[in-house]
Amino acid sequence: MSFMRRVDMADFPFFAVIPGAPIGKGRGRATVVGGHARIYTPKRTAEWERGTAFVLRSLWKSTPFDGPVEVWLLAAAPRPKRLMRKKDPEGLIWKPKTPDADNIEKSTWDAIVMAGIIRDDCLVVKSECQDCYAEKDGIPRIEIMIRPINCEPKSFIPKGKTLIEVFSDLDDAGDSCDDNWDVACF
């Protein structure tokens, strides 16, 4: 079961599932051409971005978003054999391994821009990326949801409260894994 299903998908005008293992943004490489340094994206990353952009472009038939957007990603990597035992969970499980979630975000954002869904990745002002292994019977993939943001940003710390009071309130709530910030504009 995907994390995407806990929100009202009607709020997101764009939703896509890209099959295949997520690829993180590789470090830029440098070469010298005609006495000048040239920086380029590694071949594996560039190919993944182009392929993902091709699929996304086929799904997006509108003009690019030109204002602030929110992007939700689920990066489900292939599950290693060591996590296929009977005692291992059936569903998604966290993947604290490389590629890092932030590098997966970068390469996915670049593919979204290449596909013409958003004008520039600087328009992504709010994002969530969950990096995990796919279900035992699931396929590796990236799930992408994008929506425009039509509200003003607000501080995590309510006016008049100290940081200690805020964390004390969070401890009292007792939910370490379920945040209430992921859907609402606060």
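For region 108-129, filtered to residues that are out of contact with any Ser or Thr (no Cβ under 9 Å at 6 or more places or on another chain) and assigned to a strand (DSSP E or B), the residue that is farthest from Ser62 (Cα to Cα) is Glu128. Exactly one residue among Glu143, Glu105 is within 20 Å of Pro64 (Cα to Cα), under 19 Å from the mean Cα position of the chain (by Cα) and in a helix (DSSP H, G or I), and that residue is Glu105. When Ile112, Ile118, Ile104 are checked against the criterion of being surrounded by 20 or more Cβ atoms within 10 Å (Cβ to Cβ), more than 16 Å from Pro19 (Cα to Cα) and at pLDDT 95 or above, Ile118 stands alone in meeting it.
Is it the case that region 70-93 has a residue that's surrounded by 12 or more Cβ atoms within 10 Å (Cβ to Cβ), out of contact with any Ser or Thr (no Cβ under 7 Å at 6 or more places or on another chain), assigned to a helix (DSSP H, G or I) and among the acidic types (Asp, Glu)? The answer is no, given that none of the residues of region 70-93 is surrounded by 12 or more Cβ atoms within 10 Å (Cβ to Cβ), out of contact with any Ser or Thr (no Cβ under 7 Å at 6 or more places or on another chain), assigned to a helix (DSSP H, G or I) and among the acidic types (Asp, Glu). Count of region 21-38 residues, restricted to those that are in a loop (DSSP other than H, G, I, E, B) and either touching a strand residue (DSSP E or B) at 6+ places or on another chain (Cβ under 6 Å) or small (Gly, Ala, Ser) (or both), is 7. For Arg44, the requirement of being in a helix (DSSP H, G or I), of a type in the set (Lys, Arg) and touching a residue at least 12 places away in the same chain (Cβ under 8 Å) is met.
Taking region 1-20 as the range and being over 19 Å from Ile93 (Cβ atoms), outside any loop (DSSP other than H, G, I, E, B) and at pLDDT below 90 as the test, the residues that pass are Met9, Ala10, Asp11.
The values are calculated or read from the model by the stated rules, or taken from the named source; none is laboratory data. Source: prediction; values computed, not measured. Cβ coordinates were reconstructed from backbone atoms using ideal geometry, including for glycine residues, and neighbour counts include every protein chain displayed.
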